Amino acid sequence: MSVTVFSKAHIVDPSRGVDEIGSVIVDGRKIVAAGKAALNQGVPEGATVVDCAGKTIIPGLVDARVFIGEPGGEHRETIASASVAAAAGGVTSIVMMPDTDPVIDNVALVEFVLRTARDTASVNIFPAAAITKGLEGREMTEFGLLREAGAVAYTDGRHTIGNALVMRRALTYARDFGGVIAHETQDADLASSGVMNEGLYASWLGLSGIPREAELIPLERDLALARLTGGAYHAAKISSSMAAGAVNRAKTDGANVTAGVAIHNLSLNENDVGEYRTFFRLNPPLRAEDDRLAMIEAIKDGTIDIIVSSHDPQDVDTKRLPFADAAAGAIGLETLLGAALRLYHNGDVPLLRLIETLSTAPARLFGLPGGTLKPGASADLAVVDLDEPWIVSESGLRSRSKNTCFEGARLQGKVLQTMVAGRTVFSA
């Protein structure tokens, strides 16, 4: 097996609290050493040495919320094309949402995703199974069989389960069979025909708003049910200070609760909607600046555990419409790290904590391999120049869909190389 030594790198490994200059030694598919001590081990005979002075090596990112078109919407994104985009963004593992056609709500579909990933993907693909059949919020799926087949979590993706009894059963089943309920909360009646954050800016634009309470009310219900059942509950994408407060209280009470936030809600606010820019039509919507700042504080204090891209490819026909008619969603695999590094460069979040939320924490939360550079781990890593600037351009994106919120944005921090199980899957 080939040996590669990444020498004199800045190594950031939240799983071990490592933030130091050292080497990473990869032998075949595994990491055999990483850190300051590896510098003293010398270079094995025949090894390839890569000088990483001035560069940073991090565990490959684990993106826990990715929507992919396959099966049924391959024109928007396939498993293969999503993996190419992920590799370019330093993402080595994806948790794939069940919002496909047909829905990933049975063993055959879980097996299809895993088989297709083995045959076509360059990064690790982990399917999440639907909580309810057809994502309809009524009839439960077969949690035990889905878990055995390889589903790593249960979620109804973009859909909120309105029935409290169904959610109680889901949390109970997840507790008994193992796994996490990852739920996006938005009260359908309160959200109604809303398309952006409710407030003065929505009024100026003449657009229907979605109040923060639409997210909060079903979230509070879910948190109460998590306390009742003891099931593992993950608030998939929170966006407001009110939601962060609710999660924080539940954690303080000892509930088995975690939370995530989409990178867009950390990087952008409602003002970015501008002149009805449909690529900024998102769910949950971009909130007020006070809410964005509250999300950053929640990352810092541990209320929010993970950052996700919420990569959601949409084609031109569904985005080049009046704002109120356009589909919600934006791609994000390739811009996740660069956008997140804004928080580091601005002095908002320490680098070790930031990488933890993007890699180590999601791997731990969903019980996945990865998120670490410890010896013996799979060599899933990214080599990054934290300071190199780059401009996001639609033509340079590898996703099949181009609906990015960051077109023309100047990001600082570029992925130079991505490795999965010791194999280079991206090189700039």
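Here, each number is a calculation from the coordinates, and none is a lab measurement. Values in this document were obtained by computation on a predicted structure and should not be read as measured data. With ideal geometry, Cβ positions are generated from the backbone for all residues, glycine too; neighbour counts draw on all protein chains shown.
Some points to look at:
- Over 19 Å [Cα-Cα, the stretch 352-414], rounded percent: 52 percent
- Cross-link check: pairs K30/K300; K8/K30; K251/K374; K237/K300 evaluated at a Cα-Cα cut-off of 22 Å; pairs beyond the cut-off: K30/K300; K251/K374.
- Whether the stretch 72-201 is rounded, prolate or oblate, judged on the alpha carbon gyration tensor where a/c under 1.5 counts as rounded: oblate
- One chain, two ends: A108 and L145. Fully extended at 0.36 nm per residue, the span grows by 12.3 nm beyond their Cα-Cα distance.
- Scaled to the globular estimate 2.2 N^0.38 Å, the Cα spread of the stretch 158-243, given as radius of gyration, is 1.22.
- Antiparallel bridges, percent of DSSP beta bridges restricted to the stretch 61-365 (to nearest 5): 5 percent
- The stretch 1-155 - Rg and Dmax from Cα coordinates, angstrom: 19.4, 61
- Cβ-based net charge around R400, under 15 Å, with every Lys or Arg adding one and every Asp or Glu removing one: -4
- With θ taken as phi - 60° and the Karplus curve 6.51 cos²θ - 1.76 cosθ + 1.60 applied, the whole-hertz 3J(HN,Hα) list for the stretch 385-398 is 9, 5, 9, 5, x, 8, 9, 6, 9, 3, 5, x, 7, 8 Hz, x standing for glycine and proline.
- Residues S393 and N271, FRET efficiency given R0 of 22 Å [Cβ-Cβ distance, rounded to 0.05]: 0.45
- With a cut-off of 15 Å on the backbone N, the residues of the stretch 258-285 near the modelled label site 7 Å out from H345 along Cα-Cβ are 267-268.
- Cα-based shape type of the stretch 278-319, given that a ≥ b ≥ c are square roots of the gyration tensor eigenvalues and the cut on a/c is 1.5: oblate
- Peptides 281-288, 33-40, 8-15, 315-322 ordered by packing proxy, namely the average of other Cβ atoms within 10 Å per residue, highest first: 281-288, 8-15, 33-40, 315-322.
- Computed from phi, the 3J(HN,Hα) profile of the stretch 223-231 under the Karplus parametrisation 6.51, -1.76, 1.60 (θ = phi - 60°) reads 5, 5, 5, 5, 4, 5, 9, x, x Hz, with x in place of Gly and Pro.
- For K319, a cut-off of 21 angstrom between C-alpha atoms picks up these lysines, skipping any fewer than 8 places away in its own chain: K402.
- Residues R29 and E136, FRET efficiency given R0 of 45 Å [Cβ-Cβ distance, rounded to 0.05]: 0.65
- Theoretical FRET efficiency, 1/(1+(r/R0)^6), r = Cβ-Cβ of R249 and E45, R0 45 Å, to 0.05: 0.20
- R118-H75 pseudo-label distance in nm [points 7 Å out on the Cα-to-Cβ vector]: 3.2 nm
- If the chain linking L165 and T424 were pulled fully straight, counting 0.36 nm for each residue of separation and taking away their Cα-Cα distance, it would gain 88.6 nm.
- With the helix formula -39500 (n - 2.57) applied to DSSP H stretches of n ≥ 4, the chain reaches a computed 222 nm mean residue ellipticity of -8500 deg cm²/dmol.
- Simple rule: put +1 on each Lys or Arg Cβ and -1 on each Asp or Glu Cβ in the stretch 61-365, find the dipole, and look at L225, V308, F280; the Cα lying farthest toward the positive end is L225.
- Cut-off 14 Å between beta-carbons: net charge of the residues surrounding R292, Lys and Arg +1, Asp and Glu -1: -2
- Separation in nanometres of the label points that stand 7 Å from Cα toward Cβ, at S193 and S2: 5.9 nm
- Judged by the gyration tensor of its Cα atoms, with axes a ≥ b ≥ c, the stretch 61-365 is rounded; a/c sits under the 1.5 cut.
- For the stretch 61-365, the relative contact order works out to 17 percent when only alpha carbon pairs closer than 8 Å and six or more residues apart are counted.
- Within the stretch 1-157, percent of DSSP bridges classed antiparallel, to nearest 5: 50 percent
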